[in-house]
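The values are calculated or read from the model by the stated rules, or taken from the named source; none is laboratory data. Keep in mind that this is a model prediction, so the values were computed, not measured. Note: ideal-geometry Cβ built from the backbone for every residue, glycine included; neighbour counts use all protein chains shown. Surface areas here come from the heavy atoms of the whole protein model, side chains and all, with no ligands, DNA or RNA. Shrake-Rupley method; radii C 1.70, N 1.55, O 1.52, S 1.80 Å.
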Amino acid sequence: MPEAAAPGNRQPEPAPGDRVPAPAPAPGPGQAPLSGKASEQVPALASEPIREPGPAPDPAPAPASDGAVAGWKGWGAVCAVALGIFCLITSELLPVGLLTPVGDDLGVSDGTAGLMVTVPGLVAGFCAPLVTVGAGRLDRRFVLVGLIALMAAANLVAALAPGFAVLLAARLLVGVGVGGFWAIAGGLAVRLVPERHVGRATALVFGGVPTASVLGVPAGTLLGELGGWRFAFAAVGGLGLLTLAALLLLLPALPPTRHTTFAQLPALLRSNRGVRAGVTVTFLVVAGQFAAYTFVRPILQEVSGIDVRFVSTLLLGYGLAGVAGNFLAGARDPHRTLLAVGAFLAVILALIANVPGTVAGTVLLLAWGLVYGGVSVSLQSWMIKAAPDEPEAASSLMVAMFNLAIAAGALSGGLAVDGISVSAAPLTGAVLMALAAVTAWVASTAGSARARARVQVRGGAHAHKPARADGSPRAGAAPGGAGAQTAPETSGADHR
């Protein structure tokens, strides 16, 4: 509200909905000039946008929802991204069920054929930050489309590979697609749907990870048995082309919100405690998982005593439980969720290593799948929460560590199995999960303490602003009397 004119020459009050003119009108006949205080406020009014008469407009959406598309279009875009994640993870894990036929056909051992899984994982770990930085100022829509196209082409090349070297080179390209797509797509939910739906949308995007294990890999294995391993790779390549079309049709333009550089990645780790803790928890949880899960078949057979005929069915149940766990964890606090995940999995893995019996093994395996199912979405939510202004940089660090931890976990579990016994693999995983739970608890506690301290400091600063030496109030304080008491109380309330 502009200041009132001098007594006896009061201006009429503006009617509701009238806009206040930016420049102060010159004093007319019978009007006193504006006071010094009022004249100082005029430029502030002039700097504000002029609004048309009528009710106040809704506040502008937060940057987190800047690309949100109304209604079904936004959710259609989320589903297209989820299909991309499903396609890429299926492609990455496809050789798991095809190692023997590929090795027999191309004349390599099963161990050498296993490089088809190891190489994409390592490449994905290194390419997550590389692709994020290399994308620069490109529209993220076209970056995702290009990465899916690369994956589709790589699978088609693999289907036609004349030898193992060509096949392995094609698998390397799959790793580029996995690392780059995951790093960029992981933070897109906040740009595709309104803020209140971000948790569900993120869970839907990362539902592609357990769904690929449940449906993608078994379906690929079945296609390999029916039409040969080349047909399985060709089918995944065709699925990639369908995903490419879905992304082109459903994704809106996604210009970069900020440009990420290589220097920002280590700087983000150094300056952001939440990101450091998230990367650490990522390594411990994922390494613990794959130290045990890599050897889940011998664990179920040798420790739990489950007949080999039922292992595939139980693993399908494990995957379905993982899908349920993903959606249960989607909208929950990531710190508390990962604390619970680490603690529960430490207990579950310790029990499955020591408690024999078919019933016990079945129950523990399904519980394992349910709890671990919430890991991917919770880690992604942790990183977005820790670095809301740099989601791509934070996601690329998480994805890099995630994929490197897969290799580290499988290696540590293999050393434990070779050096001790099969039971040592889940015990190794249990130790890593316990460390992850402790790390998540420390990070959560420290974050809460820092938040309380900031509130107290800000409230105290507003409540106790000292006067200058000349007795005049400092900037921001009301000039004496009751007004001096009112301003600090209002400011303090703003930070509660």
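General remarks:
- Fraction of accessible area attributable to carbon and sulfur, segment 173-235 (%, probe 1.4 Å): 68 percent
- Within segment 265-357: Cβ-based charge dipole about Cα centre, in debye rounded to nearest 20 (Lys, Arg +1; Asp, Glu -1): 400 debye
- Gyration tensor (alpha-carbon) shape descriptor, segment 227-336, a/c threshold 1.5: oblate
- Accessible area of segment 183-303 divided out per residue, in Å², using a probe of 1.4 angstrom: 40 Å²
- Shape of segment 304-365, Cα gyration tensor, a/c cut at 1.5: oblate
- Virtual paramagnetic centre 7 Å along Cα→Cβ of Val347, amide N under 15 Å, in segment 368-393: 368-372
- Gain on full stretching of the segment that runs from Leu172 to Val363 - 0.36 nm per residue minus C-alpha separation: 65.0 nm
- Å² per residue, accessible surface of segment 309-459 at 1.4 Å: 43 Å²
- Spin-label model, Ser109/Leu215: points 7 Å from Cα along the beta carbon direction are separated by 3.8 nm.
- For segment 109-154, the carbon plus sulfur part of the accessible surface works out to 74%, probe radius 1.4 Å.
- Three-way shape call for segment 115-263 based on the alpha-carbon gyration tensor, with the a/c threshold at 1.5: prolate
- Length gained on full extension, Leu411 to Phe310, computed as 0.36 nm times the residue gap minus the Cα-Cα distance: 33.7 nm.
- Accessible surface of Asp418, taken over heavy atoms with a 1.4 Å probe and every protein chain present, rounds to 130 Å².
- Computing FRET efficiency as 1/(1 + (r/R0)^6) for Glu225 and Leu248, where r is the C-beta to C-beta distance and R0 is 35 Å, gives about 0.60.
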